[in-house]
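A.B. asks: Sending over a structure as structure tokens; questions will come in a sec.
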Amino acid sequence: MTAVWIVLGVLAVLVIAVVVSYNRFVSQRNIIRSSWANIDTELQRRYDLIPNLVETVKGYAAHERETLEAVVRARATAQATDGSPAEQAAAEGPLVGALRQLFAVSEAYPALRANENFLQLQHELAVTEDRLQAARRFYNANVQELNRRVESFPSNLIARQWDFTQEQYFEIEAAVRDDVARPPRIEF
């Protein structure tokens, strides 16, 4: 009789362990989805700032048409991408490059660099980039934890049983940094 109680106790502990592990997988998957939504929000904020930035630059650097059009095209492509984190990151790469080129062009126009609207938009974009990078780090940390559990024994048995798979990391560079963070440039 004692052996039956021991077997039932072991089975109960195993069932509880499986339930706890399954619930943790579900929780991690939901955290990843939520953190991806935060990234998506920051990307949308960036997309919303870009047209204003392009219009401001257009007023000062109208003959830089190619650069402005490249930014607009890259924004449209990135905004239209609705796939995996890797696909989104691939679409963000050209946008980051185009924004860097836009800010490089702005260096040639002192009046533009002094324009309050341009400076405010540049600052807002830098803040958005910082928030996007923080959201990316949070997302990737959660993905790393889930991926570790999917690969580790014994949780990999639970993952395989209920089709929990590894998630993709989201890797992009920041498009712009705030001038405040840069050391001042001194010229003699």
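The values are calculated or read from the model by the stated rules, or taken from the named source; none is laboratory data. The shown structure was predicted, so the numbers you read here are calculated from the model rather than taken from an experiment. In this analysis, Cβ positions are derived from the backbone assuming ideal geometry, glycine residues included, and neighbour counts consider all displayed protein chains.
A.B. asks: Among the candidates LEU49, LEU53, LEU43, single out the residue that is more than 17 Å from the chain's Cα centre (by Cα), closer than 30 Å to ASN117 by Cα and touching a residue at least 60 places away in the same chain (Cβ under 8 Å).
C.D. replies: Of the residues listed, the single one that is more than 17 Å from the chain's Cα centre (by Cα), closer than 30 Å to ASN117 by Cα and touching a residue at least 60 places away in the same chain (Cβ under 8 Å) is LEU53.
Listed here are the residues, each with its yes/no results for (1) in contact with a helix residue (DSSP H, G or I) (Cβ under 7 Å, 6 or more places away or on another chain); (2) at pLDDT 90 or above.
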residue: PHE138; (1), (2): yes, yes
residue: ASP163; (1), (2): no, yes
residue: GLN166; (1), (2): yes, yes
residue: ILE172; (1), (2): yes, no
residue: ASP178; (1), (2): yes, no
residue: ARG185; (1), (2): no, no
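A.B. asks: Of (1) at pLDDT below 90; (2) surrounded by 12 or more Cβ atoms within 10 Å (Cβ to Cβ); (3) within 18 Å of the chain's Cα centre (by Cα), ASN38 satisfies all except one. Which?
C.D. replies: Here ASN38 clears every test but (1).
Here's the yes/no breakdown for (1) in contact (Cβ under 8 Å) with a residue 60 or more places away in the chain; (2) over 14 Å from the mean Cα position of the chain (by Cα); (3) farther than 14 Å from LEU53 by Cα:
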site: ARG100; (1), (2), (3): yes, yes, no
site: ALA108; (1), (2), (3): no, yes, yes
site: PHE118; (1), (2), (3): yes, yes, no
site: VAL143; (1), (2), (3): yes, no, yes
site: GLU151; (1), (2), (3): no, yes, yes
site: ASP163; (1), (2), (3): no, yes, yes
site: PHE170; (1), (2), (3): yes, no, yes
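A.B. asks: Which numbered condition in (1) over 26 Å from ALA37 (Cβ atoms); (2) of a type in the set (Ser, Thr, Tyr); (3) out of contact with any Phe, Trp or Tyr (no Cβ under 6 Å at 6 or more places or on another chain) is the only one that TYR109 fails?
C.D. replies: Unmet for TYR109, out of (1) over 26 Å from ALA37 (Cβ atoms); (2) of a type in the set (Ser, Thr, Tyr); (3) out of contact with any Phe, Trp or Tyr (no Cβ under 6 Å at 6 or more places or on another chain): (3).
A.B. asks: Of the conditions (1) over 28 Å from ASP82 (Cα atoms); (2) surrounded by 13 or more Cβ atoms within 10 Å (Cβ to Cβ), LEU43 clears all except one; give me its number.
C.D. replies: Condition (1) is where LEU43 drops out.
A.B. asks: Something else about it: What residue, among those in region 76-88 that are among the small types (Gly, Ala, Ser) and at pLDDT 90 or above, is farthest from PHE170 (Cα to Cα)?
C.D. replies: So the residue we want is ALA76.
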